[in-house]
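The values are calculated or read from the model by the stated rules, or taken from the named source; none is laboratory data. Just so you know, these numbers come straight off a predicted model, no measurement behind them. Cβ: placed from backbone, ideal geometry, glycine included. Neighbour counts: every protein chain shown.
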Amino acid sequence: MNILNRLVKSYQTGMLRRILSSFSGTLGLVLIALIILIAIFAPQLAPHNPTDIDVTNRLAGPTAKHPFGTDHLGRDLLSRLIFGSRIALLVSLPAIGLGVIVGIMLGTIAGYSGGTLDNILLFMFDTVRAFPPLLLAITIITLTGGANMLVLIIVLGITRFPGYGRLVRAQSAQVSKREFVMASEAAGSTTTRTLFKHIFPNSIGPVFINAAMDIPVIITFAAALSFLGLGVPPPIPGWGRILRSGYSYIRTSPWMVTFSAIFLVMATLGFTFLGEALRDALDPKLKKSPQLQ
């Protein structure tokens, strides 16, 4: 409820005005809104079933019936890309959410507790971050016997939570030394109450900025895994799998790579621009003076 109240009041504090006042912030919001609308209304927008095969019409160029052409199995490329936007959001957003939740919980505990528990959690963060994300994802997917959406979400969340954990740990370590926290502890507040009432709300602000800027990373990462054949299983139309199929026919049918790359770029640029605009809007150094408002 506290976070919701802050979001409702965000326009009054000028954050939304700052985002919309910049070209990149407005463009980011427009691109994200477009991708989300495409994902929500995919069944209504797609001209064909994305899994219907028509081998007699394979690798056909753009036509009125197939505006983006067809793939190597004769499936409508536009329909597959439209449904692929739904897959991209259904994978990336829960993965970011999982990473944020785990990172916030462990980071808050580490920063507030200190001592041995802090060292153990820091060691865990550093151990996970020591592995290259792609290698870690491939290893986990291989050990679990193959990828599905749930495995992919968990894998991508694991690759991101150490960064959030370290960020929240640093924030909560600073907050725990402030006067209002020490006063609460002196008044007999329990550890759980102190964490959720004081440490947690005052430590998570920077996490949401990082999360917004991490969404395009996760979308690209998920597409890369699909490109390697480790993403969502066929016939689910993931953008990375479409790119992989198109790469084999790039000389004769370049539209498969071109149009799928356009969708991927739209999503990544949208979240990148929004994340940067959000960061700038919350940076106190960039606030306008009262005379200029």
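Numbers below:
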| read-out | value |
| --- | --- |
| Condition check for A33: farther than 28 Å from V151 by Cβ and surrounded by fewer than 17 Cβ atoms within 10 Å (Cβ to Cβ) | yes |
| Any hit, the stretch 223-230, residues being assigned to a loop (DSSP other than H, G, I, E, B) and in contact (Cβ under 8 Å) with a residue 60 or more places away in the chain | yes |
| Residue within the stretch 52-62 that is within 27 Å of I153 (Cα to Cα) and in contact (Cβ under 8 Å) with a residue 40 or more places away in the chain present | no |
| One residue from G246, G275 being surrounded by 21 or more Cβ atoms within 10 Å (Cβ to Cβ) and under 23 Å from the mean Cα position of the chain (by Cα) | G275 |
| Hey, T139 assigned to a helix (DSSP H, G or I), within 24 Å of L93 (Cα to Cα) and of a type in the set (S, T, N, Q) or not | yes |
| Conditions (1) loosely packed, with under 14 Cβ neighbours inside 10 Å; (2) among the polar types (S, T, N, Q); (3) in contact with a Lys or Arg (Cβ under 7 Å, 6 or more places away or on another chain); number of the one not met by T70 | (1) |
| Sole residue being assigned to a helix (DSSP H, G or I), touching a helix residue (DSSP H, G or I) at 6+ places or on another chain (Cβ under 6 Å) and at pLDDT 85 or above, chosen from G111, G99 | G99 |
| Residues that are surrounded by fewer than 18 Cβ atoms within 10 Å (Cβ to Cβ) and of a type in the set (A, V, I, L, M), drawn from the stretch 226-243 | L228 |
| Flag if D52 is of a type in the set (D, E) and out of contact with any Ser or Thr (no Cβ under 7 Å at 6 or more places or on another chain) | yes |
